[in-house]
Amino acid sequence: MSTTLAVSPLTVEDAEALIDAARTAAEDAGVTVAVTVLDAGGHLLAFRRDDRAVLIAGETSTRKAYTALQLNAPTADLVDAVQPGGLFHTLPTALDRPLLFIAGGVPVHRGGRLIGAIGVGGGAPDQDHGFATVAMEALAQR
């Protein structure tokens, strides 16, 4: 007999904690950002854009989260894969999906299962990735 261990889904409370941690890390670095959190189905759980963040940061944070979720990988790890000759070179144009292969999107796992994703936009790609990673670490500490 096989048993399946239930894994709690990503909650709005979790999403708010991710957003708060990412925004705090960004503020500490003097960077204004937008942060998006999606559930496992790709649905918006939480979103926040700093009043001073560039407007496109909202779109990039959402697309980064979506890409991390769909490919179950940090977008920072996928940047080279979409370059000419890369494994996913044609993926951004082959699909009619809001994919964005720029660092700042990170999948969220619980109990080894994919339960959502966070995307951060507004800073340099390596900064956005760092803010998302800090948020993941904060969630793991809860």
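Does Asp50 satisfy the condition of being in contact with a Ser or Thr (Cβ under 7 Å, 6 or more places away or on another chain) and of a type in the set (Asp, Glu)?
yes
Determine the pairs where a residue that is more than 13 Å from Ala40 (Cα to Cα), located within the range 101-113, has a partner that is assigned to a strand (DSSP E or B) with Cβ atoms under 7 Å apart, the partner being 6 or more residues away or on another chain.
From residues that are more than 13 Å from Ala40 (Cα to Cα), the pairs are Gly104/Gly119; Gly104/Val120; Gly104/Gly121; Gly105/Ala117; Gly105/Gly119.
Name the residues in the range 34-77 that are under 13 Å from the mean Cα position of the chain (by Cα) and assigned to a loop (DSSP other than H, G, I, E, B), would you?
Passing the criteria: Ala40, Gly42, His43, Asn72, Ala73, Pro74.
Pairs please, first residue from the range 72-93 and on the phi > 0 side of the Ramachandran plot, second anywhere and not small (Gly, Ala, Ser) and not in a loop (DSSP other than H, G, I, E, B), Cβ atoms under 9 Å, 6+ apart in sequence or on different chains.
Hits for this filter: Asn72/Pro107; Asn72/His109; Asn72/Leu114.
Go over the candidates Ala94, Ala81, Ala117, Ala140 one by one and state the one that is of a type in the set (A, V, I, L, M) and modelled with pLDDT of 95 or more.
Ala117
The values are calculated or read from the model by the stated rules, or taken from the named source; none is laboratory data. It should be emphasised that the depicted structure is a prediction, and the values quoted were computed from it without experimental measurement. Using ideal geometry, Cβ is built from the backbone for each residue, glycine included, and neighbour counts are taken over all protein chains shown.
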